[in-house]
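Working notes, structure below.
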């Protein structure tokens, strides 16, 4: 087989375990043999539409088997897959389609309104627009289009160094950048993951986080596929559906971010749920409060935290199961095939316990940003180390503790304040469901903290009560001056809180507890 990339995976898996279930979607199982045939048919349709090596194929929609089929079919042809955030508005999607130069767009019914609202020039260069549901003028229906495809195997030469995907960053500030990941980046990331997690051939992995997010795709679905396990696909995150699917399919592995795990543990079903099938829970995307990790560990569950970025495919460090209790709150040590440094502003290595920027180097690291040489050059330091923009410390044993984003740190009275540390302290209060802290201007101190909190149902808390709670837990200069009680917090498609939107809100009275929009 000349395809050394991901496009060869369906064929390789089908010849090893054709009858195993690869995916389950809405109780519909798909075997590996079926995935191989459907992917091949779809690839033949893409080829007939003019897609070839290096062309871009975009997907817009919630989690679905069609997402995976479109990705593999593009890779069969040596094309580049562009997964898009279905929560974005038409102008944002239009920018990504234009910037990537997508030749084909496959979209789901729930995104029809956004597709219809795209500027006319956006889809003009596209050779084909394919709809999973009822299609519009000039479009093809996905299942009909796929069924018309030729099942004859296709073997296009693809190298590991060829670009496999373009993943657009969340775009919390400015225009999003398209991080390129090669087939080699994805393969090495799978190797790193499989060396850190004992993924088995009988794994049943719940895919609840969005697949356009690097962790859901590369840290769970692809390693499960590589091992011949089964991925249970949730179209979108829903706490009750998560409990139902765990019970129905005996789920063994799940990835999530803080908001997902917090909501799961706060559900009325938490206490009585049978979670005995779960072998591993894995988190990433942002630091998980230790109090939340302990909640899961008290149920006897293995909770492993990792650290990484879209640009590192994403795994950079990982905390293995054996260390998950002793080092709770740590993101672990560098993955097997990567190196990580924590450096001071002058580029020298920070001492143990000293905060510094995280740098990563390895075969999982992006070659750069699509059509953006300036951003690519700025992302790497001397020696080819990728600059994460994250602040962390290493302990005496080499375990990484992520402190915060460099850009989120603020200085109050000459002291550095890392919002993630303050957030973790606030989250320990029993009334708190979610929290976000940021620095805001202050005439006396330069900057002070502003905390946005979402309360658990049926609870209440005042600013003074929170201040009393935090006083023994935080230095005085770290104590937020402003407290806002919010119904919810704005988030990106991957579940990260959008602090930029919070920064735009007017300040309440100092020391007050207010209700914010």
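The values are calculated or read from the model by the stated rules, or taken from the named source; none is laboratory data. Model, not experiment: these values are computed from the prediction. A quick note on method: Cβ atoms are made from the backbone with ideal geometry, for glycine too, and the neighbour counts reach across all protein chains shown.
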- Query: For residue 300, which of the numbered conditions (1) buried (at least 17 other Cβ atoms within 10 Å of the Cβ); (2) assigned to a loop (DSSP other than H, G, I, E, B) fails to hold?
  - Reply: (1)
- Message: Looking only at residues that are buried (at least 19 other Cβ atoms within 10 Å of the Cβ) and part of a strand (DSSP E or B) in segment 486-507, which one is modelled with the highest pLDDT?
- Response: 486
- Message: Return the residues of segment 23-43 that are closer than 16 Å to residue 233 by Cβ and out of contact with any strand residue (DSSP E or B) (no Cβ under 9 Å at 6 or more places or on another chain); say none if nothing qualifies.
- Response: 27, 28, 39
- Query: Does residue 292 qualify as being within 17 Å of the chain's Cα centre (by Cα), surrounded by fewer than 24 Cβ atoms within 10 Å (Cβ to Cβ), touching a residue at least 40 places away in the same chain (Cβ under 8 Å) and in the same structural domain as residue 364 (by TED's automatic domain parsing)?
  - Reply: no
- Taking segment 320-352 only, how many residues are outside any strand (DSSP E or B) and within 12 Å of residue 398 (Cβ to Cβ)? 5
- Query: If only one of 22, 43 is modelled with pLDDT of 95 or more, within 28 Å of the chain's Cα centre (by Cα) and in a helix (DSSP H, G or I), which one is it?
  - Reply: 43
- Selection from segment 77-100 of residues modelled with pLDDT of 95 or more and farther than 16 Å from residue 175 by Cα yields 77, 78, 79, 80, 81, 82, 83
- Have a look at 435, 403 and point out the one that is within 22 Å of the chain's Cα centre (by Cα), at pLDDT below 85 and surrounded by 17 or more Cβ atoms within 10 Å (Cβ to Cβ). 403
- Message: Being free of Cβ contacts under 8 Å to residues at least 40 places away in the same chain and outside any loop (DSSP other than H, G, I, E, B) is the filter here; which residues of segment 420-447 pass it?
- Response: 432, 435, 439, 441, 442, 446, 447
- Query: For residues in segment 381-400 being buried (at least 17 other Cβ atoms within 10 Å of the Cβ) and over 20 Å from the mean Cα position of the chain (by Cα), which is nearest to residue 334 (Cα to Cα)?
  - Reply: 399
- Exception for residue 111 within (1) outside any strand (DSSP E or B); (2) at pLDDT 95 or above; (3) buried (at least 22 other Cβ atoms within 10 Å of the Cβ) falls at (2)
- Message: For residue 242, only one of the following conditions fails: (1) within 21 Å of residue 67 (Cα to Cα); (2) touching a helix residue (DSSP H, G or I) at 6+ places or on another chain (Cβ under 8 Å); (3) in contact (Cβ under 8 Å) with a residue 40 or more places away in the chain; (4) crowded, with 18+ Cβ neighbours inside 10 Å. What is its number?
- Response: (3)
- Give just the number: which of (1) in contact with a strand residue (DSSP E or B) (Cβ under 9 Å, 6 or more places away or on another chain); (2) buried (at least 17 other Cβ atoms within 10 Å of the Cβ); (3) outside any helix (DSSP H, G or I) does residue 62 not satisfy? (1)
- Query: Taking into account only those residues within segment 306-320 that are in contact with a helix residue (DSSP H, G or I) (Cβ under 7 Å, 6 or more places away or on another chain) and more than 14 Å from residue 213 (Cβ to Cβ), which is surrounded by the most Cβ atoms within 10 Å (Cβ to Cβ)?
  - Reply: 318
- Which residues, taken from segment 1-16, are in a loop (DSSP other than H, G, I, E, B) and crowded, with 21+ Cβ neighbours inside 10 Å? 5
- Item | Qualifying positions in segment 264-287 - touching a helix residue (DSSP H, G or I) at 6+ places or on another chain (Cβ under 8 Å) and touching a residue at least 40 places away in the same chain (Cβ under 8 Å) | 277, 280, 282, 284, 285, 286, 287
- Message: Being in a loop (DSSP other than H, G, I, E, B) and surrounded by 13 or more Cβ atoms within 10 Å (Cβ to Cβ) is the filter here; which residues of segment 133-147 pass it?
- Response: 133, 135, 139
- Query: Under the condition of being in contact (Cβ under 8 Å) with a residue 12 or more places away in the chain and more than 26 Å from the chain's Cα centre (by Cα), which residue from segment 6-19 is farthest from residue 246 (Cα to Cα)?
  - Reply: 11
- Any idea which residue in segment 406-419 is farthest from residue 450 (Cα to Cα), counting only those that are assigned to a strand (DSSP E or B) and touching a helix residue (DSSP H, G or I) at 6+ places or on another chain (Cβ under 8 Å)? 415
